[in-house]
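Working notes, beginning with the structure itself.
The values are calculated or read from the model by the stated rules, or taken from the named source; none is laboratory data. As the structure is a computational prediction, the values presented were derived from the model and not from experiment. Cβ placement follows ideal geometry from the backbone for every residue including glycine, while neighbour counts extend to all protein chains displayed. Calculation scope for accessible area: heavy atoms of the full protein, side chains included, ligands and nucleic acids excluded. Shrake-Rupley method; radii C 1.70, N 1.55, O 1.52, S 1.80 Å.
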Amino acid sequence: MKFATKAIHEGQEADQQTGAMIPPIYMTSTYQQAAPGETKGYDYTRAGNPNFTNFEKALASIEAGNFATIFSSGLGAATAMMSTLSSGDHVIAVNDLYGGSYRLFTTVFQNYGIQYDFLPLIDETELKHAITEKTKLIWIESPTNPLLKIVDIQKIAKIAHEKGIRVLVDNTFATSYFQNPLKLGADIVLHSTTKYIGGHSDIVGGALICNDRELKELLDLKRMSIGLNPSPFDVWLAHRGLKTLAVRMKQHQENALLIVDFLKDHPMVEKIYYPALETHENHAVAAKQMSGFSGIISVVFKKSLDEMKDMISSYKLFSLAESLGGIESLVDHPASMTHASIPKSEREKIGLSDGLVRFSVGIEDGNDLIDDIKSVL
Ligand SMILES: *Cc1c(COP(=O)(O)O)cnc(C)c1O
């Protein structure tokens with residue numbers, strides 16, 4: 001079965017009792033037992049729920065993985081993964097990282113003795129030098145947020161596996177529709193299902209997908225032990241969103257390409273970041289490992305900071321808001337919004353300037369989006 005079919009049919013068997021086409025929302029905290037310990041597979045929703053099982057089946061299937069575990073948020077998923085490590089363990093993470101992941105690593109797990117190195121993950125020698133006996137995990141985002149850098153997943157996985165190190169790829173930006181990191185050798189895929197998978201800016205959720213049954217069982221245990229479970233209602237909505245992921249991603253990309261085409265030679269644009277552009281520094285790797293380039297564009301305009309802040313507050317269709325991946329277009333100023341948790345000195349090191357604007361291109365009519373951008377410029 002192909003992607004769009006799996007997204008619609010996996011984990012969506014009609015309800016056995018009533019024939020309801022769409023499995024109901026199991027808003028229950030607990031489950032009746034026939035005798036002590038005798039359950040129908042569920043005993044308490046922190047540990048499991050039929051809506052979780054259905055959504056996990058669908059996510060594993062579209063990501064070409066064996067198992068998925070879903071969580072209360074993308075950062076809930078990251079917390080579960082980090083909690084599989086022990087004090088003294090070392091993690092190498094890409095240095096252009098979602099701000100919330102950076103904050104989780106440096107303000108929470110660092111206090112429990114986990115060590116971090118943040119690297120571009122472009123230079124093999126630099127990576128090999130950074131690996132120690134304690135290195136347990138390499139944390140990749142590709143494309144990265146917000147600079148849309150591309151990391152060669154296959155290359156990093158090969159280096160990591162020679163040393164018995166696991167590789168996680170945060171696949172939130174590309175989604176399973178455009179990129180399947182497990183097929184490229186990664187061990188774990190993370191999604192913030194809040195973004196494209198949910199797709200309608202109405203829920204917060206996360207997931208980890210892997211092929212290793214023992215790891216899946218450990219992640220389930222972490223979810224239950226820490227209390228990282230989502231609400232069945234949110235899961236039901238996220239699963240409903242997933243069914244249209246294929247058509248949405250095509251449209252997100254089509255609109256993004258229109259806007260990139262309009263902006264790329266515009267006199268008010270200093271620099272534009274989008275991996276489909278041949279001028280993008282890692283375009284070749286992107287073209288090799290992704291089947292499309294998704295709907296996020298980052299732009300530096302030739303404007304003063306004040307002019308730029310005025311500009312991004314003036315759009316009619318691009319709402320000024322954090323987050324991304326919803327059907328409606330959003331605009332973000334990473335330095336003061338999504339990435340404010342990264343110190344300015346660190347941001348500057350990686351080239352995340354105060355002038356950078358990130359667009360999450362929605363699926364409105366592309367020409368209306370261009371008109372909005374044009375009129376504000
Ligand atoms: C939003 C986001 C997260 C965190 O997900 P939440 O659902 O907000 O907790 C992680 N990684 C990336 C790339 C994101 O965009």
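Conditions (1) surrounded by 15 or more Cβ atoms within 10 Å (Cβ to Cβ); (2) polar (S, T, N, Q), marked per residue:
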site	(1), (2)
2	no, no
16	no, yes
37	no, no
42	yes, no
45	yes, yes
52	yes, no
55	yes, no
- Task: Would you point out which residue out of 314, 298 is open to solvent by 60 Å² or more (accessible area, probe 1.4 Å) and either without any contact (Cβ under 8 Å) to a residue 24 or more places away in the chain or small (Gly, Ala, Ser) (or both)?
- Result: 314
- Query: Only one of 208, 218 is within 13 Å of the ligand (Cβ to nearest atom) and more than 18 Å from residue 151 (Cβ to Cβ); which?
  - Reply: 208
- Query: Just checking, how many residues over the range 259-278 are among the aliphatic types (A, V, I, L, M) and closer than 19 Å to residue 290 by Cα?
  - Reply: 3
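Where residues in the range 300-326 are within 16 Å of the ligand (Cβ to nearest atom) and either among the aliphatic types (A, V, I, L, M) or outside any loop (DSSP other than H, G, I, E, B) (or both), which of them is nearest to residue 201 (Cα to Cα)?
Only one residue fits best here, namely 324.
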- Item | Scope the range 100-158; condition open to solvent by 20 Å² or more (accessible area, probe 1.4 Å) and among the aromatic types (Phe, Trp, Tyr); matching residues | 102, 109, 112, 116, 118
- Note on the structure: By residue number, the members of the range 85-96 that are closer than 24 Å to residue 151 by Cα and either in contact with a strand residue (DSSP E or B) (Cβ under 6 Å, 6 or more places away or on another chain) or away from the ligand (no atom under 12 Å from the Cβ) (or both) are 85, 89, 90, 91, 92, 93, 94, 95
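Per-residue answers, yes or no, for (1) among the hydroxyl-bearing types (Ser, Thr, Tyr); (2) without any contact (Cβ under 8 Å) to a residue 12 or more places away in the chain; (3) farther than 20 Å from residue 142 by Cα:
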residue: 252; (1), (2), (3): no, no, no
residue: 294; (1), (2), (3): yes, no, no
residue: 306; (1), (2), (3): no, yes, yes
residue: 309; (1), (2), (3): no, no, yes
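A quick yes/no check of all residues on (1) away from the ligand (no atom under 16 Å from the Cβ); (2) touching a residue at least 24 places away in the same chain (Cβ under 8 Å); (3) more than 25 Å from residue 354 (Cα to Cα); (4) polar (S, T, N, Q):
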site	(1), (2), (3), (4)
197	no, yes, yes, no
204	no, yes, yes, no
223	no, yes, yes, no
241	no, yes, yes, no
246	yes, yes, yes, no
264	yes, no, no, no
282	yes, yes, no, yes
- Failed condition for residue 329, given (1) in contact with a strand residue (DSSP E or B) (Cβ under 7 Å, 6 or more places away or on another chain); (2) under 19 Å from residue 263 (Cα atoms); (3) modelled with pLDDT under 95: (3)
- Item | Residue, farthest from the ligand (Cβ to nearest atom), within the range 64-83, restricted to residues that are within 17 Å of residue 186 (Cα to Cα), open to solvent by 30 Å² or more (accessible area, probe 1.4 Å) and assigned to a loop (DSSP other than H, G, I, E, B) | 66
- Message: Consider the range 334-377. How many of its residues are open to solvent by 20 Å² or more (accessible area, probe 1.4 Å), among the aliphatic types (A, V, I, L, M) and in a loop (DSSP other than H, G, I, E, B)?
- Response: 4
- Message: Could you check the range 99-153 and list, in sequence order, the residues that are part of a loop (DSSP other than H, G, I, E, B) and within 16 Å of the ligand (Cβ to nearest atom)?
- Response: 121, 142, 143, 144, 145, 146, 147, 148, 149, 150, 151
